[in-house]
Protein chains: 2
Amino acid sequence: MPRLNVIKRKTFHYKWSRHHKPALYVRPGDKVTFEVNEVMSWMITKESTAEDLTKLDPEKFYPLAGPVYVEGAKPGDALVVDIQNVKAADWGWSAILPGLGVLTDFDRPFLWKWNLANGRYASFTKGIKVPMRPFCGVHGVAPPEDGYFEVMPPGKHGGNMDVRHLVAGSRVKLPVWVDGALFSTADVHASQGDGEVCVTAIECPGEVTLRFDLEKNAKIRSPHYWIRGDSRPRRGYYGTTGIAPDLMEATRLSVRNMIDRLQKEYDLSPEEAYILCSVAADLRIHEVVDKPNWVVGTTISMDLFPRGGSR
Amino acid sequence: MPRLNVIKRKTFHYKWSRHHKPALYVRPGDKVTFEVNEVMSWMITKESTAEDLTKLDPEKFYPLAGPVYVEGAKPGDALVVDIQNVKAADWGWSAILPGLGVLTDFDRPFLWKWNLANGRYASFTKGIKVPMRPFCGVHGVAPPEDGYFEVMPPGKHGGNMDVRHLVAGSRVKLPVWVDGALFSTADVHASQGDGEVCVTAIECPGEVTLRFDLEKNAKIRSPHYWIRGDSRPRRGYYGTTGIAPDLMEATRLSVRNMIDRLQKEYDLSPEEAYILCSVAADLRIHEVVDKPNWVVGTTISMDLFPRGGSR
């Protein structure tokens, strides 16, 4: 019979490594509930101010819940992780952290704190409501190399992928690199857009329940997933394009154009608009073949806004 | 009262230019039906073979239906184009054209011809059915510069944007650069995924009805749009990731991983899998901030496949 296990909040580690001692041993079919710490190890709380963002200790970013040793997992297998439940806490935060984020000209720290108590949506300024679709930004396994690796960049071990579609009911498959896989999770997001453009989603502590299985000898080269996709918004999406010979430049232009639009149409400040893009707007690559210019779109559901807005 | 006008099949031009004589003058509020030629000026027909792909004359790519002069349109305005109807012909084609497409190692021309007669879906190999969602790859206006400009690259004039979401019921707004805007359209696609990764969608002749309006002094810097978004597929999406420090490289890895998946799971040839990605799989930028690695996802609706497939 499958076992339900709990990784308590006090059980976490920093950095990815094959050298971490497992916190728990499970068998394929087992479920684990992870109590997930605040992504900055509680350096940010309900009481924090923008000034506190300048005093963060990067050594304490990304406390990882785990690692879990999955019996029978061997290099070449895929670790199949079914996301059964994701709970966000009753508060969260988003921030602009100068030096991070896709746009480089936001040079002042900015903090927005969200009340998540109603469990369905997070209220922003100007009557804007962001639906809660909680998921974990981080699902990863130990990389094969010796040493201790930063969590910020995702990689062939998965990790900080920020795939916003990995909500309850979805599945992610991670390539296994070491015996037992050594899986950990972190970084609950109450909501995020594809791209996470300002570098933060709605960051919050939380709790996630996962079921583990193995696909033997799957030989996948990077993470795969199965997702349900979004419901169609009642009032559609507004989109802005960025067109340029470099995908990053096209991305920046398209986000910049959306920020302009949100400022004009909904009277947001540039900082508010940037945060809203990060937590609720999606980046799509519309075309990457019409040489030499590519088209990236930034889209946002119009259901977020208290009035229809103009199309 | 708004007028309904027709741009007949024989009325087309090559290249974007402010020097083209208008084919039609309309007022804001007017509708125009465009008979849209085959994108290679009928060099590809129902009878074509892969060998014919090596004999194409690039001077005859992208016959543009138009241009339409919209009275009152001035530089700084946005031309608002409501897409009222898009009809695909009863046949179409997709091809791998070596030297084009996001993957560079497909070096043999490959042609797939589609029967679109039922109007709802296009049948592929192995029982795969691609739903028809016709739109025009090209909606554009004359650029401000003197001269004649290739249609392949999109730009600040819109043009060959290949935004697959511009189906009937949606809206695109183009920045106006010259008096009257000089709008043209082309390149009907019966279906396409975000990215159009192999460089062709389901290419077909067709007919499109558009309604024009102006947003005076809108001062948009690149095209905007309003779209309804996709219905949620019954069986969800399968996705593969590409993780790399460059968005183009991440895109290529993610498409490559999807091709591998389609080969293994559905027994497609690499060429068939590449074509299927181009006409039905979507590129999303999941994160572009977790330095130094970005995550691009290629997702495909599982409703296309005759059986569930494994998740």
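The values are calculated or read from the model by the stated rules, or taken from the named source; none is laboratory data. Predicted model only: the values in this text are computed from it and were never measured. FYI the Cβ positions are ideal-geometry reconstructions off the backbone, even for glycines, and counts take in every protein chain you see. Please note that ligands, DNA and RNA were not included when accessible areas were found on the heavy atoms of the full protein model with its side chains. Shrake-Rupley method; radii C 1.70, N 1.55, O 1.52, S 1.80 Å.
Just need a number here: residues in the stretch A:187-206 that are more than 14 Å from chain B (Cβ to nearest Cβ), touching a helix residue (DSSP H, G or I) at 6+ places or on another chain (Cβ under 8 Å) and of a type in the set (A, V, I, L, M, F, W, C).
Total meeting the criteria: 1.
Scan the stretch A:30-46 for residues that are over 20 Å from A:ALA142 (Cα atoms) and touching a Pro at 6+ places or on another chain (Cβ under 9 Å) and jot them down.
Listed by number, the residues that qualify are A:GLU38, A:MET40, A:SER41, A:TRP42.
With (1) in contact with a helix residue (DSSP H, G or I) (Cβ under 9 Å, 6 or more places away or on another chain); (2) aliphatic (A, V, I, L, M); (3) in contact (Cβ under 8 Å) with a residue 24 or more places away in the chain as the list, and B:ILE227 as the residue in question, which single condition is left unmet?
Result: B:ILE227 fails condition (1) only.
Could you grab me the full set of residues in the stretch A:192-217 that are open to solvent by 40 Å² or more (accessible area, probe 1.4 Å) and not in a loop (DSSP other than H, G, I, E, B)?
A:GLU207, A:ARG211, A:ASP213, A:GLU215
For the stretch B:222-249, which residues satisfy the criterion of being surrounded by fewer than 24 Cβ atoms within 10 Å (Cβ to Cβ), in contact with a Pro (Cβ under 7 Å, 6 or more places away or on another chain) and at the interface with chain A (Cβ under 7 Å from one of its Cβ atoms)?
B:GLY229, the sole residue that qualifies.
Have a look at A:VAL295, A:VAL279 and point out the one that is buried (at least 21 other Cβ atoms within 10 Å of the Cβ), farther than 25 Å from B:LYS219 by Cβ and either touching a residue at least 40 places away in the same chain (Cβ under 8 Å) or at the interface with chain B (Cβ under 7 Å from one of its Cβ atoms) (or both).
Of A:VAL295, A:VAL279, the one residue that is buried (at least 21 other Cβ atoms within 10 Å of the Cβ), farther than 25 Å from B:LYS219 by Cβ and either touching a residue at least 40 places away in the same chain (Cβ under 8 Å) or at the interface with chain B (Cβ under 7 Å from one of its Cβ atoms) (or both) is A:VAL279.
Is there a residue in the stretch B:250-259 that is facing chain A (nearest Cβ under 7 Å), open to solvent by less than 40 Å² (accessible area, probe 1.4 Å) and either modelled with pLDDT under 95 or closer than 17 Å to B:GLY195 by Cβ (or both)?
Checked against the condition, which is being facing chain A (nearest Cβ under 7 Å), open to solvent by less than 40 Å² (accessible area, probe 1.4 Å) and either modelled with pLDDT under 95 or closer than 17 Å to B:GLY195 by Cβ (or both), the stretch B:250-259 yields at least one hit.
Pick out, from the stretch A:84-186, the strands (runs of 3 or more DSSP E) lying fully within it that include 1 or more residues that are more than 14 Å from every other protein chain (Cβ to nearest Cβ) and open to solvent by less than 10 Å² (accessible area, probe 1.4 Å).
Of the strands (runs of 3 or more DSSP E) lying wholly inside the stretch A:84-186, those with at least 1 residues that are more than 14 Å from every other protein chain (Cβ to nearest Cβ) and open to solvent by less than 10 Å² (accessible area, probe 1.4 Å) span A:91-96, A:110-115, A:121-123, A:129-131.
Among the listed residues B:GLY92, B:GLY76, identify the single one that is modelled with pLDDT of 95 or more and under 24 Å from B:TYR274 (Cβ atoms).
Values: B:GLY76 fails: under 24 Å from B:TYR274 (Cβ atoms).
None of the others qualify; the one that does is B:GLY92.
Cβ-Cβ distance below 8 Å, separation of 6 or more or different chains: which pairs start in the stretch A:85-99 with a residue that is closer than 15 Å to A:THR125 by Cβ and outside the structural domain of A:ILE44 (by TED's automatic domain parsing) and end on one that is assigned to a strand (DSSP E or B) and among the basic types (Lys, Arg)?
That search, which allows pairs on different chains as well, returns nothing.
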